[in-house]
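Step one of this worksheet: look at the structure below.
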Amino acid sequence: MSKPKITQVRTADSNHQVVTVKGGYRGYKKRPCADCPWRKDSVGVFPAEAFRLSAHTSYDMSDRTFGCHSAGSENPKTCAGFLLKGARHNLAVRLRAGVTGDYDLNAVSGGGHELFESYKAMAIANGVSPDDECLKQSRED
């Protein structure tokens with residue numbers, strides 16, 4: 001397995017970054033974390049800019065996944081909330097679930113928490129304008 005490599009760091013605000021990690025795949029979370037952005041009770045934990053910068057994970061046939069923020073870049077994992085609500089049209093997830101078997105989507109649950117139905121809904125609830133250019137390609141179905 002390759003070692004994770006940080007390929008891009010973008011500032012969301014003075015306390016948050018969006019980090020792009022390549023390689024070092026270490027699996028996926030089975031349940032959303034305590035402050036998972038997909039949880040409706042976590043609105044406001046992350047700035048709107050973080051959702052703008054990560055919107056590409058929700059585009060049709062995206063090859064990028066939404067990583068779990070609590071797993072970090074040294075031991076990257078795919079976010080459970082994303083797998084449950086934002087990955088239906090994601091090419092990387094389709095390949096890992098259907099072809100390689102890296103994801104068992106039946107093993108992932110919301111842990112009893114109410115989750116946003118789509119990336120767009122999550123981003124809007126966290127301050128991104130519904131008309132923002134970054135959301136125009138987000139899939140909601």
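The values are calculated or read from the model by the stated rules, or taken from the named source; none is laboratory data. Keep in mind that this is a model prediction, so the values were computed, not measured. Please note: Cβ atoms are built from the backbone with ideal geometry, for glycine as well, and neighbour counts cover all protein chains shown. Just the protein is used for accessible areas: all its heavy atoms, side chains included, with ligands, DNA and RNA removed. Shrake-Rupley method; radii C 1.70, N 1.55, O 1.52, S 1.80 Å.
Couple of notes before you dig in:
- Expressed as a whole percent, the accessible area of the chain that falls on carbon and sulfur atoms is 46 (1.4 Å probe).
- Charge dipole of region 12-88 (Cα centre as origin; +1 on each Lys and Arg Cβ, -1 on each Asp and Glu Cβ, all else neutral): 380 debye, rounded to the nearest 20.
- In order through region 68-79: 3J(HN,Hα) via Karplus (6.51 cos²θ - 1.76 cosθ + 1.60), integer Hz, x for Gly, Pro: 6, 5, 7, 6, x, 8, 7, 9, x, 9, 7, 5
- For the chain, size of Cβ-based charge dipole, Lys and Arg +1, Asp and Glu -1, in debye: 580
- Residue among ASN75, LEU53, MET122 farthest towards the positive dipole end of the chain, charges placed on Cβ: ASN75
- Highest to lowest packing among 39-50, 111-122, scored as the average C-beta count within 10 Å: 111-122, 39-50
- A Gaussian network model of the chain, with springs between Cα atoms under 10 Å, assigns the largest mean-square fluctuation among THR78, THR65, THR100 to THR100.
- Global form of region 47-98, assessed from the alpha-carbon gyration tensor, a/c cut-off 1.5: oblate
- In terms of accessible area, using a 1.4 Å probe and ignoring ligands and nucleic acids, ASP13, ASP63 rank largest first as ASP63, ASP13.
- Gyration tensor (Cα) of the chain, equivalent ellipsoid semi-axes in angstrom: 21, 17, 15
- Total lysine pairs under 12 Å (Cα atoms) in the chain, excluding pairs fewer than 8 apart on one chain: 7
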